[in-house]
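Asks: Supplied in C-alpha cells, the structure appears directly below.
The values are calculated or read from the model by the stated rules, or taken from the named source; none is laboratory data. Please read all numbers here as calculations on a predicted model, not as lab measurements. Cβ placement follows ideal geometry from the backbone for every residue including glycine, while neighbour counts extend to all protein chains displayed. Keep in mind that these areas ignore ligands, DNA and RNA; they rest on the heavy atoms of the full protein, side chains included. Shrake-Rupley method; radii C 1.70, N 1.55, O 1.52, S 1.80 Å.
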Amino acid sequence: MPRHWIDELADNLYEKLLKRKKEVYIFNGGLSVSGLQHVGRLRGEIIIPEVLRRILSKKGLKIKQYITLYTQDAWKGKKAQLSAFPNHKEAEKYKGWPLINVPDPHGCHKNWVEHYWEDFGPYLEEFTDGKIEVVTTTDLYRGKLLEFALKTLEIREKVRKTINKYRGRKPYPENWIPFESICGKCGRIDSTEALEIIDHDKVRYRCRNCGYIGVTDLSNGKLNWRIEWVGVWWSLGVDFEPYGKDHATPGGSRDSCVDLAVNVYGIEPPEGIPYEWVAMRTKDKKILDMTSSGFIGFTPREWLEVAHPHIYRFIVLRTPPMKKIIVSLYEIPHYYSQYYKAERIYYGLEKAKNEEEEVLLKRSYELSYPKGEPPKSPPEQVSYTHLAILSQILPRELWRTEGIKRLINTKIIPENPSQYGLQRILETLEKANTWVEKYAPENMKFQLLPEPKPEIVKTIPEKHRIILRKMKELLEQIDEWNDENIKNAMIAATKDLTMNERKMLYENFYKLIIGKTSGPRAAPLLALLGKENSLKYFKYV
Ligand SMILES: [Zn+2]
Ligand SMILES: [Zn+2]
C-alpha cells in the first residue's frame, strides 16, 4: 500500500525524535513580517509542522509548536514597502530600521509588524488546531537569545572561522564582533559596526550611515543572521523546523547554520524539510510567486472570505512539499469540486484512478480538518457554483429557510441534511456570495428581473420566441424539477439549432430572466429559481 508523503515524513521524524529522548519536542517555523502576510506562508512554516505534530502526538509524543517572527530584521525599504506609506519620500527614513520599530503606514496599529500581522495571525486559529505559540525575536533578545548573544561574544573567534567557510571571498576580519546594534541616532540596525565589547555585555559601535558612536547592551540589536537562526534553535530548543527551498542548497544557509550549531555551540540542530513556494494566478492568468516585502499574494483573511480553511489545507497536503503550489482566488469553485471529489473517495462513494491517488486524496482530505476529524457519514455536497447562484437568487435572510428548501426540492440535498452538511452549506453560501462580488467572471453575476418584461420580449425575433415557447412547454411538463430534467428539456427545445443560433437564442433566454445576454449555466439557474418562478419569465413569449 502506498503511503501519503506526510505519513512517510512523520515515520521518519518519529524515529529521529525518539533518539533525542526528550520529554517535550519543539517544532518551530520562522517568518519575517516584512510586508503582506500571504497564505503561502502557511504552507511550510505552519500547516506542515502542525499536521506532523498532530500525527506524532497520536503516536504518543509530546510536542510544542512555535512560530517565530523575525521582528528585529531590517526593513529594507523596497519599492512596494515604501508604497505602503501615504508619503513614500518620507518613509525613506525608516530604511534599515528593525521591522518592529517601523511605524504602521496606516496608523491603526502600534507598528509595521502588528499591522501586517492582523490579516494573518488571528486566522491561524482557523487554519490549524490553534495550538501554536507566537514568539518574536524582539522578545527573545530580552531573554534566552540575550543569553545566547553573550555566549556568542565569548566564543566569537570560533564563530567567525566557521562562518567564513561559507563566505568565499568576503570573510569577516579578525576581531569581528557579530552584533548589529540599533543606532541610537538614526535608528538603523543594518548600518552599525561593533567596535569593541565593554564589560562582556555591551558593545561600542559606530554607525556608517550617520557617523554616530554609541554604547548599548545586547538587547538593543541583533546577531548576524546565521548566528541568530542558530540562536533561535538554542533558545527554544528546536527539534524540527522546515525551511524554504532557498535555504536548502548544499553549502547554503541551512548547512552553514547546522555546522555552527554542531561544531560551535554543541547543540543538535533541528530536523527539517525543505519546501517550495506558493505562487498565485492572477485574474489575467499570470503566475507570480507570492512575496511578503513585494506585497504579492493574498492573505489568510482574504482566503477565508471566499473559502473554507479545509480547502487550503487540502491543497497543501495533496501536494508534495517540494512541488510548487499555484492558487488563485478566481478558481475557488474548482478547488471545491476537487475537494468534494476527494471527500467522495474518502467515504467510498467514488473510486480513485489508482491506489496511489486514493491514498493521497483520502489522507489529504482526512487531514484537511483544522480541528478534529471528518464526520462519521458523508456530508451533503452542493457545488460552489450552485451556491453562488442561489446566493444571488434569494436575499440573505432567506438562505437558511427558503434557500435550503430549494436545495431539498431540487434533490440536490436530501430531506434531512446532516448538521455538519447544513452548516457547511450555509457558510459556503456566505463565502460564494462574497466570491461573486469580488472574483467571479461577469457571467456569474446577475440580478433577477423582479417581473417578466413585455418590452424585452418584444426585442426577441419571432423565430426565437417559437423556440422559447417550446422550451416553456417542455419545462411545464417536468415533474421533478431538477438540474438533469431541466437540462434535458433545454436540449430538446434547442436541438435543431446550429451552434451559432443556439448561442443567440441563449442570449435572449438570459435577457428574459436577468436582463443581460449572459449568465450562469441555465439548468442550475432555473432549478434554483424553482418551477413557478422560472416559468413566470416565459409569460409574454
Ligand atoms: Zn494598522
Ligand atoms: Zn546612525
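Asks: Rounded to the nearest 10 degrees, what's the angle between the helix 419-438 long axis and the longest principal axis of the chain, both from Cα atoms, 0 to 90?
Replies: Tilt of helix 419-438: around 90 degrees.
Asks: If you don't mind, there's one more thing I want to ask. What is the angle, in °, between the Cα long axis of helix 225-236 and the longest principal axis of the Cα atoms in the chain? Nearest 10 is fine, range 0 to 90.
Replies: 80
Asks: Of the listed pairs Lys131/Lys341; Lys64/Lys341; Lys445/Lys503, which have alpha-carbon separations greater than 23 Å here?
Replies: Lys131/Lys341; Lys64/Lys341
Asks: Moving to a separate point now. What nm distance separates the two modelled labels at Lys495 and Lys286, each placed 7 Å from Cα along Cα→Cβ?
Replies: 4.8
Asks: I would also like to ask the following. In nanometres, what is the gap between the two model label sites at His106 and Ile155, each 7 Å from Cα along Cα-to-Cβ?
Replies: In this crude label model, His106 to Ile155 measures out at 4.5 nm.
Asks: May I ask you to give the solvent-accessible area per residue for segment 268-389, in square angstrom, as obtained with a 1.4 angstrom probe?
Replies: About 42 Å² of surface per residue is accessible.
Asks: Still on this structure: What size of dipole, in debye to the nearest 20, comes out for the chain about its Cα centre when the only charges are +1 on Lys and Arg C-beta atoms and -1 on Asp and Glu C-beta atoms?
Replies: Dipole about the Cα centre, nearest 20: 1000 debye.
Asks: Please find the FRET efficiency linking Ser518 to Asp479, where r is the Cβ-Cβ separation and R0 is fixed at 30 Å, and quote it to the nearest 0.05.
Replies: Efficiency computed from Cβ-Cβ geometry: 0.50.
Asks: Note the full-extension length gain between His200 and Lys371 as 0.36 nm times their separation in residues minus their Cα-Cα distance, in nm to one decimal.
Replies: 56.7 nm
Asks: If you take all C-alpha pairs in the chain, what percent of them are over 31 Å apart?
Replies: More than 31 Å apart: 58 percent of the Cα pairs in the chain.
Asks: While we're here: In terms of modelled amide H atoms, which long-range or inter-chain residues lie less than 5 Å from the amide H of Tyr243?
Replies: Correct list: Ile273, Tyr275.
Asks: Here's a follow-up. Cα-Cα over 19 Å: which of Lys16/Lys59; Lys245/Lys283; Lys470/Lys511; Lys76/Lys286; Lys16/Lys58?
Replies: Lys245/Lys283; Lys76/Lys286
Asks: Could you give me the radius of gyration and the Dmax of segment 375-440, taking only the C-alpha atoms into account and expressing both in angstrom?
Replies: 11.4, 35
Asks: Taking the simple approach of a point 7 Å from Cα along Cα-to-Cβ for both Lys351 and Arg396, what is their distance in nm?
Replies: Distance between label points: 4.6 nm.
Asks: Quick one: compute a quarter of the convex hull surface over the Cα atoms of segment 447-536 and quote it in nm².
Replies: Answer in nm², one decimal: 5.3.
Asks: Note the full-extension length gain between Lys78 and Val262 as 0.36 nm times their separation in residues minus their Cα-Cα distance, in nm to one decimal.
Replies: Extending this stretch completely gives an extra 62.7 nm.
Asks: Lys62 to Arg142: FRET efficiency via 1/(1 + (r/R0)^6), r the Cβ-Cβ distance, R0 22 Å, to the nearest 0.05?
Replies: 0.25
Asks: Just to be sure I understand: of the beta bridges DSSP finds with both ends in the chain, what percent are antiparallel, rounded to 5?
Replies: Given both bridge residues lie in the chain, the antiparallel proportion sits at roughly 50 percent.
Asks: How much solvent-accessible surface does His38 expose, in Å² to the nearest 10, with a 1.4 Å probe and all protein chains in place?
Replies: Per-residue accessible area (His38): approximately 10 Å².
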